[in-house]
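The block underneath contains the structure these notes are about, expressed in structure tokens.
Quick note: the coordinates plus some simple rules give every number you see, no bench work behind them. Everything quoted here is computed from the prediction, not taken from an experiment. Virtual Cβ from ideal backbone geometry, glycine too; neighbours counted across all protein chains shown.
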Amino acid sequence: MKPPEVTRDGEIEAARPVTMRHIAERCGVTTATVSLALRQDARLSAATIARVQAVALELGYDRSQNQAARRMVMRRYGRDVVNQMIAVFLPRYFYKANYFAHLMEGIMDALTEHDFNPVIVELGLGGDPRPLPPVFPNSEVDGVIMYGGGALPARLRAAQGFGQRPIVSVILPAEECSLVAADDEYGAYLATTHLLELGHRHFQSWFNENNGGAVMAIRRAGVLRALREWQLDPAVHLHDAAWYMGTIIPPFHLALPDADHRDNTGFRQEVQDEYIRYMRAHPEITAILASNDAYARRIWYLLRREGWRIPDDISIVGYDDTDPMPDEHGLNILTSVHLPLVEVGRGAGEQIIDSVLNHVALAPRLVLPPTLQVRASTAPAKRG
């Protein structure tokens, strides 16, 4: 703020905000140069940027007040306003899960590199937020990154103050959205091929739509591709699993059967018993493809409790590579498909910023390859 001035009548004049014009006049440059210097634009010399920023600090320039005024003027003339603010929609309690921590790491890497700020919005159980935060009707959000979201894109398009701003979905496809995801078909293919090379021929797969919708169907296609390459009939060699082993919503995703959280996670004893009966009736199954690391841990626990030795009797592969199964030394021994979650988050952030700043059209799909992390939960198939 400019310091108050004394009028001819001796009265104190109210302080007025310092504008870019004041800085430009002091520095002997244009207001456009001041704007570029305050954003540290590489088109200006380091000396010019330093001089303009020093004068802005000396005069007490408050960028937030001037940005608000700038937005009002630009809207009046129908011009785009960049607020450097991206809304990120994530499930409830996302901060309690390693999976979402990796995604957010990548998103934040991209946003902070360009001086953008996240607005975290929690999705409800149905994948839709409750009331949209005030930043939406106030037109302060430049775009949205979301995990799932159901009918959220259509709701945002209809919301006052958002319109056709860019929306990027991560991992889960959504209607009329750009998608940044991992190649789930290839990930399941890698896991199945690894087990086939170890001599396994009968698999229990948790990749079905009951355990995760469209993404699980894509993974199942990867399993089928591997089996067919090895000339194995899926009708004979693939055992689909559809038991409900409890919620994986944080903070209960790492809870195990018989743990104190049993009532909150849905570990029903009758389901556990039914699963064990099935496994005893199908001794030909020597490998399990779990839908995620959380389920891999639960299946591991149940089987070991009932006498199976992992991996001597049965091999288990997790998915995501976010939640370890530690041995007595604290080392992770769970073989798992590693999803490039940090890279997915970064890719989503970079795409949406490029769209906001440079008006670049969003790519319909950006699919990144996973890798297989082989550890001690898989071993050659038992003979006999």
### Message
Please check: in the Gaussian network model of the chain (C-alpha springs, under 10 Å), which one of Ala214, Ala54, Ala151 has the largest mean-square fluctuation.
### Response
Ala54
### Message
Explain nothing, just the number: dipole magnitude of the chain about its Cα centre with +1 on each Lys and Arg Cβ and -1 on each Asp and Glu Cβ, in debye rounded to the nearest 20.
### Response
720 debye
### Dmax and Rg, reported as Rg then Dmax, of region 184-339 (C-alpha, Å)
14.7, 45
### Query
In what sequence, highest mean first, do 238-247, 344-353 appear when ranked by Cβ atoms within 10 angstrom?
344-353, 238-247
## Note on the structure
A correct Karplus calculation of ³J(HN,Hα) over region 157-168, with 6.51 cos²θ - 1.76 cosθ + 1.60, θ = phi - 60°, whole Hz and x for Gly and Pro, returns 4, 8, 6, 5, x, 10, x, 9, 4, x, 10, 10
### Task
Enumerate the helices in the chain for which the Kyte-Doolittle hydropathy averages -1.0 or more and the C-alpha atoms extend at least 15 Å along the helix's axis, using complete DSSP H runs.
46-59, 98-113, 184-197, 214-229, 293-305, 341-358
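Determine how many Å³ per residue the convex hull of the Cα atoms of the chain encloses.
On the way: hull volume 76.9 nm³, N = 384.
Per residue, the Cα convex hull of the chain comes to 200 Å³.
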### Task
Could you give the size of the charge dipole of region 184-339 about its Cα centre, using +1 on the Cβ of each K and R and -1 on the Cβ of each D and E, expressed in debye and rounded to the nearest 20?
240 debye
### Query
Roughly what % antiparallel, to the nearest 5, for the DSSP beta bridges in the chain?
10 percent
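How much of the DSSP beta bridge set in region 184-339 is antiparallel, as a percent to the nearest 5? Present the calculation step by step, with values, prior to reporting the outcome.
On the way: 1 of 14 bridges.
Of all bridge pairs located within region 184-339, approximately 5 percent are antiparallel.
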### Charge dipole of region 129-234 about the Cα centre (unit charges at C-beta), most positive-ward option of Ser169, Gly150, His194
Gly150
### Message
Relative contact order for the chain: what percent, with Cα pairs under 8 Å and sequence separation of 6 or more?
### Response
17 percent
### Query
When only C-alpha pairs under 8 Å and at least 6 residues apart count, what is the relative contact order of region 184-339, in percent?
23 percent
### Message
Compute a Gaussian network model of the chain, connecting alpha carbons closer than 10 Å, and tell me which residue from Ala46, Ala221, Ala296 fluctuates the most.
### Response
Ala46
